[in-house]
Amino acid sequence: MEKRQLGDTEIRVAPLMFGGNVFGWTLDERQSFEMLDAFVAAGFDFIDTADVYSRFIPGNQGGESETVLGNWLKARGNRDRIVLATKAGMDMGEGRKGLSKNWLQRAVEDSLRRLQTDYIDLYQAHVDDPETPLEETLETFAELIHQGKVRAIGASNYGAERLARALETSDRLGLPRYQSLQPLYNLAERAAYEAELRAVCTREGLGVLPYFALASGFLTGKYRSEADLAGSARGDFVRQHLNERGLRILSALDQVAADCDATPARVALAWLIAQPTVTAPIASATSLRQLDELVKATELQLDGAALAKLDAASAA
């Protein structure tokens, strides 16, 4: 399987990242172990989570995903074979948020404890914190790297201007640079990344790890009308795509999928993997069938005509 470089670090990863937001939420621990075992058995090693997963679910406090993942790492004894990514900065309640030195130092210890490991391969700022100077955040990351608790750092949900300023700050002060960006990017949601962020990532050599790679399930083709959203927890995310453009994208996916003897989900992920700046899209699975779709997407090579059809259909 092809490995891709993450920024200018020595971390090399398979072109697909398992999104751990489902651990401790839509998957219990036993089910999570089953998905993780199958993911690794298929030859993959890149897993993403965050301290805040899944605080957004009533009754949860945050840390559930990291806890499940940590239990799996301990049970399998495979920490050295996994590229482990997590994030900090989102609101954990009681003022526990942001990218200040005090909070990051506490947050990383909390994550390490839950993950049952002594280092994180990729530690990411989950969201920009305009109230904390970039210098303070980056100096704190530098300390964590020096202490051996973190190997590389990345950013998520940064705008182009702030990302560029953070990189300039690192260069000016001789501090570690963000090696990657997690942006919202998929076939249905292209504008925010392609307008300005893509140029920064290209110029600065950042790895790109898009989240919502299947647009919350819309690009699987499962949702084509309001009726299809009945009972779906993803209704609010998907509904925005049920318009003329969204249906045009699904039609193009159907056509390319038929030509390739694939599925719309496979084609949508293959399109994202084929984008020059993308290192590895982030996608989740809650069944072995869904996981098989993810794996097969990495094996699908779209030709120029297929890519052009999808580009045209998804143009703004």
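Here are a few things to note about the model shown:
- Residue count for the range 201-223, restricted to those that are over 30 Å from Glu10 (Cβ atoms) and surrounded by fewer than 24 Cβ atoms within 10 Å (Cβ to Cβ): 6.
- Among the residues of the range 21-56, the ones that are in a helix (DSSP H, G or I) and either closer than 18 Å to Asp110 by Cβ or charged (D, E, K, R) (or both) come to 5 in all.
- Residue among Val40, Val68, Val83 that is surrounded by fewer than 18 Cβ atoms within 10 Å (Cβ to Cβ) and either β-branched (Val, Ile, Thr) or within 12 Å of Asn21 (Cα to Cα) (or both): Val40
- One residue alone among Gln5, Gln61 is more than 18 Å from the chain's Cα centre (by Cα) and not hydrophobic (A, V, I, L, M, F, W, C), and that residue is Gln61.
- Hits in the range 86-111 (condition: part of a loop (DSSP other than H, G, I, E, B), surrounded by 19 or more Cβ atoms within 10 Å (Cβ to Cβ) and small (Gly, Ala, Ser)): Gly89, Gly98
- Which numbered condition Ser180 fails, given (1) surrounded by fewer than 20 Cβ atoms within 10 Å (Cβ to Cβ); (2) under 19 Å from Leu209 (Cβ atoms); (3) among the polar types (S, T, N, Q): (1)
- Residue within the range 224-244 that is on the phi > 0 side of the Ramachandran plot, part of a loop (DSSP other than H, G, I, E, B), charged (D, E, K, R) and surrounded by fewer than 21 Cβ atoms within 10 Å (Cβ to Cβ) present: no
- The requirement of being of a type outside the set (A, V, I, L, M), out of contact with any Leu (no Cβ under 9 Å at 6 or more places or on another chain) and at pLDDT 95 or above is satisfied by Gln147.
- Among the residues of the range 245-283, those identified as part of a helix (DSSP H, G or I) and of a type in the set (S, T, N, Q) are Ser251, Gln255.
- With respect to being of a type outside the set (A, V, I, L, M), assigned to a helix (DSSP H, G or I) and surrounded by fewer than 21 Cβ atoms within 10 Å (Cβ to Cβ), Asp118 falls outside the description.
- The set of residues in the range 57-77 that are within 18 Å of Thr286 (Cα to Cα) and assigned to a loop (DSSP other than H, G, I, E, B) contains only Ile57.
- Within the range 96-108, the residues that satisfy the criterion of being over 21 Å from the mean Cα position of the chain (by Cα) and touching a residue at least 24 places away in the same chain (Cβ under 8 Å) are Ser100, Lys101, Gln105.
- Residues (outside any strand (DSSP E or B) and within 30 Å of Tyr223 (Cα to Cα)) located in the range 164-195: Pro183, Tyr185, Leu187, Ala188, Arg190, Ala191, Ala192, Tyr193, Glu194, Ala195
- The residues of the range 145-163 that are part of a loop (DSSP other than H, G, I, E, B) and under 29 Å from Leu214 (Cα atoms), listed by number, are Asn157, Tyr158, Gly159.
- Qualifying positions in the range 226-260 - under 21 Å from Ala316 (Cα atoms) and among the polar types (S, T, N, Q): Gln240, Asn243, Ser251, Gln255
The values are calculated or read from the model by the stated rules, or taken from the named source; none is laboratory data. Since the model is a prediction, treat every value here as computed from it, not as a measurement. Methodologically, a virtual Cβ is constructed for each residue, glycine included, from the backbone with ideal geometry; neighbour enumeration extends over all protein chains shown.
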